[in-house]
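See structure below.
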Amino acid sequence: MTPVVVLTGMSGAGKQTAARSFEDMGWQVVENIPPRLFSSLLSGMPKDEPLCIVNDVRSGEFEALPAGILSLSAAPTLVFLDSSDETLIRRFKETRRPHPFFFEAGGILPAIALERARLTSLKEQADLVIDTSGMSMPELQAFLRERFAAPEHQQQPITVTVASFGFKHGTPLDADLLFDVRFLRNPYYNQALREKDGRDEEVRTFVEADERTGAFLERLYDLVGWSLPHYIAEGKAYLTIGIGCTGGKHRSVMISEKLSVFLKALGYRVLTQHRDVERR
């Protein structure tokens, strides 16, 4: 049966952050579809694909949300996000976005009070109420991941791209971290290895014979392994690590492959790219 979450709550309480978190966990996220269409939406979903429906006061048929929930054949989990008035006021000031009821109520505090009144019964029906007043964005994401993520999304919620490249062809524009391995022994000057690349065993053995290779890898593993949990704590979902040598065919490829194996062993999702390996 398709897992379904209906996500609602106070404006400014973090529904957009929560919706992105569900997307990152592999859920299909649909925002502010009229509740009368919930049943049709669910019937058109692939079997067993989790669905998150976001619906709040911006929806023209928000009052029909309880009826829409009852129309679902799969028993949904109703998640309600809330925050203190002080937190909501601060967030609206920071984002400079008007509250949906600002003009109707005549100010930010009356608008929040009006929305609370309209959402009282829905909050009482919720299966899960999350108070985000003291939560940072990464903390909210971690809470939702622990509660709703499939096993493959439970740990290490970051995708790391390890990309080899050649400095002679330019540095990658999307790299967050860059490492230069041109100081290592260069297989290019070995005629038997010139047409091979860093994925070949002969090239790997040649580069590993340089005593500096092991020392560099040890320090690289230590730095990247230490840094990634801190990037995760800051809410970073994607990180690109560029490894460069002169042409992007031998040393950078070999080091990128080794780093990718190391990160996969730690449980990270890793994409390995060799931008310049086919260049002549």
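The values are calculated or read from the model by the stated rules, or taken from the named source; none is laboratory data. Note that the coordinates shown come from a computational prediction; the quantities given were computed from them, not determined experimentally. Cβ sites come from the backbone with ideal geometry, for glycine too, and all protein chains shown count toward neighbours. These accessible areas exclude ligands, DNA and RNA; they are computed on the full protein's heavy atoms, side chains included. Shrake-Rupley method; radii C 1.70, N 1.55, O 1.52, S 1.80 Å.
Things worth noting here:
- Condition met for Val30 (among the β-branched types (Val, Ile, Thr) and within 26 Å of Glu146 (Cβ to Cβ)): yes
- Test result for Val253, assigned to a loop (DSSP other than H, G, I, E, B) and aliphatic (A, V, I, L, M): no
- Here the strands (runs of 3 or more DSSP E) wholly within region 83-190 that include at least 2 residues being modelled with pLDDT of 85 or more and surrounded by fewer than 16 Cβ atoms within 10 Å (Cβ to Cβ) are 128-131, 177-180.
- The lone exception for Lys264 - which of (1) at pLDDT 90 or above; (2) closer than 17 Å to Ala163 by Cα it fails: (1)
Residues checked against (1) outside any helix (DSSP H, G or I); (2) without any contact (Cβ under 8 Å) to a residue 24 or more places away in the chain; (3) β-branched (Val, Ile, Thr):
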{"site": "Leu193", "(1), (2), (3)": "yes, no, no"}
{"site": "Thr205", "(1), (2), (3)": "no, yes, yes"}
{"site": "Thr213", "(1), (2), (3)": "no, no, yes"}
{"site": "Trp226", "(1), (2), (3)": "no, yes, no"}
{"site": "Ile232", "(1), (2), (3)": "no, no, yes"}
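- Subset of region 62-75 (residues that are more than 23 Å from Phe101 (Cβ to Cβ) and open to solvent by 30 Å² or more (accessible area, probe 1.4 Å)): Leu70, Ser71, Ser73, Ala75
- Ala233 passes every criterion in (1) surrounded by 13 or more Cβ atoms within 10 Å (Cβ to Cβ); (2) touching a helix residue (DSSP H, G or I) at 6+ places or on another chain (Cβ under 9 Å) apart from (1).
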